[in-house]
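Reviewing the structure listed below.
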Amino acid sequence: MNEVMAELAKEYSQVTFLKLEAEAVPEVSEKYEITSVPTFLFFKNAQKIDRLDGAHAPELTKKVQHHASSSVQVGAVDANKEDLSVRLKKLINAAPCMLFMKGSSQEPRCGFSRQIVDLLNRHSVQFSSFDILSDEEVRQGLKTYSNWPTYPQLYVNGELIGGLDIVKELAASGELDSICPKAQKLEDRLKSLINKAPVMLFMKGNKQMAKCGFSRQILAIMNECGVEFESFDILEDEEVRQGLKTYSNWPTYPQLYVKGELVGGIDIVKELKENGELLSVLKGEN
């Protein structure tokens, strides 16, 4: 999907594309109910106007085309007038720790970017990234804005830290660990996900579209009960998919949680339904 976004950014220059790591900005993830990755949010005039959950390239392209054409008709003039420095400031402050690089944190596209990503990951730094190859205006403008002529560039709390050499020096002196925010440990992340909603379903797919027979069965049962619940697509996050098996000592999916406690999988849910206990369990009465 990174390549798809890069191509869309080239084609629709009037649209600003920004990538954030969900775990790096938990307050944003909570506000917009991000339960799976990737999730695409569409904004216009600082208001969310649309969203797309999951890696669906054709649907993403369709939505970008639709909203881009709308912005050209009614908002392109205002967008073009936006001062570049204002846009750069927004990007720099999009996350507590922002890395402007060639490529993405998953797919660096130059040696220096690859080195700094590896270094940040080794130090468990929690960061989001922006691909400067996808936006020439940002690429050139940020050099002037920060008076720093090369990439990658690392920012913490809106302030420029520096490039690869500076980050290496900070790592060697031990200062990097105190300057940069730490990535959330897997156990803490799993606890947070499990308690994201009173009723959480970890499944293949999401509550709008199941991607396996067992997930489809449990989804039908949950919808029949009429109890509000949230879902997490384990196909979109291998770390969560494998980690949750160990954390809860439950080797298969789907997995249903109520108030942070594991209820079980499809067989347990079926038994509870047949015994007439499921609704009370989902409501946390048992």
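The values are calculated or read from the model by the stated rules, or taken from the named source; none is laboratory data. Model, not experiment: these values are computed from the prediction. Every residue, glycine among them, receives a Cβ derived from its backbone with ideal geometry; neighbour counts consider all protein chains shown. Note: accessible area is taken over every heavy atom of the protein model, side chains too, but ligands, DNA and RNA are not part of it. Shrake-Rupley method; radii C 1.70, N 1.55, O 1.52, S 1.80 Å.
Among the residues of segment 16-37, which ones are open to solvent by less than 40 Å² (accessible area, probe 1.4 Å) and either outside any helix (DSSP H, G or I) or not small (Gly, Ala, Ser) (or both)?
PHE17, GLU21, VAL25, ILE34, THR35, SER36
Condition check: crowded, with 18+ Cβ neighbours inside 10 Å and not acidic (Asp, Glu). Does PHE214 satisfy that?
For PHE214, the condition - crowded, with 18+ Cβ neighbours inside 10 Å and not acidic (Asp, Glu) - is not met.
Name, by its number, the condition in (1) surrounded by fewer than 16 Cβ atoms within 10 Å (Cβ to Cβ); (2) touching a residue at least 12 places away in the same chain (Cβ under 8 Å) that does not hold for GLN140.
Only one criterion in (1) surrounded by fewer than 16 Cβ atoms within 10 Å (Cβ to Cβ); (2) touching a residue at least 12 places away in the same chain (Cβ under 8 Å) is unmet by GLN140, namely (2).
Working only within segment 172-184, note down all residues that are free of Cβ contacts under 8 Å to residues at least 60 places away in the same chain and surrounded by fewer than 18 Cβ atoms within 10 Å (Cβ to Cβ).
ALA172, SER173, GLY174, GLU175, ASP177, SER178, ILE179, LYS182
Would you mention how many residues in segment 1-13 are in a loop (DSSP other than H, G, I, E, B) and within 11 Å of VAL64 (Cβ to Cβ)?
So the answer is 1.
Among ASP78, ASP50, ASP118, which is the only one that is charged (D, E, K, R), at pLDDT 90 or above and open to solvent by 20 Å² or more (accessible area, probe 1.4 Å)?
ASP118
Test of understanding: among ASP131, ASP165, which residue is within 23 Å of the chain's Cα centre (by Cα) and among the acidic types (Asp, Glu)?
Numbers: ASP165 fails: within 23 Å of the chain's Cα centre (by Cα).
Only one candidate qualifies: ASP131.
For segment 168-212, how many residues are over 19 Å from the mean Cα position of the chain (by Cα) and closer than 16 Å to TYR257 by Cβ?
2
If you take the residues in segment 259-286 that are part of a strand (DSSP E or B) and hydrophobic (A, V, I, L, M, F, W, C), which one is most open to solvent (accessible area, probe 1.4 Å)? Before you say what the answer is, go through the steps one by one.
First, pick out the residues of segment 259-286 that are part of a strand (DSSP E or B): 261-264.
From what's left, hydrophobic (A, V, I, L, M, F, W, C): 262-263.
Details: LEU262: 56, VAL263: 34 Å².
The qualifying residue most open to solvent (accessible area, probe 1.4 Å) is LEU262.
Take the residues in segment 225-258 that are out of contact with any strand residue (DSSP E or B) (no Cβ under 8 Å at 6 or more places or on another chain) and under 25 Å from GLU274 (Cβ atoms); name whichever of them is least open to solvent (accessible area, probe 1.4 Å).
CYS225
Take segment 185-211 and flag every residue that is under 19 Å from TYR32 (Cα atoms), among the small types (Gly, Ala, Ser) and buried (at least 18 other Cβ atoms within 10 Å of the Cβ).
Correct list: ALA197, GLY205.
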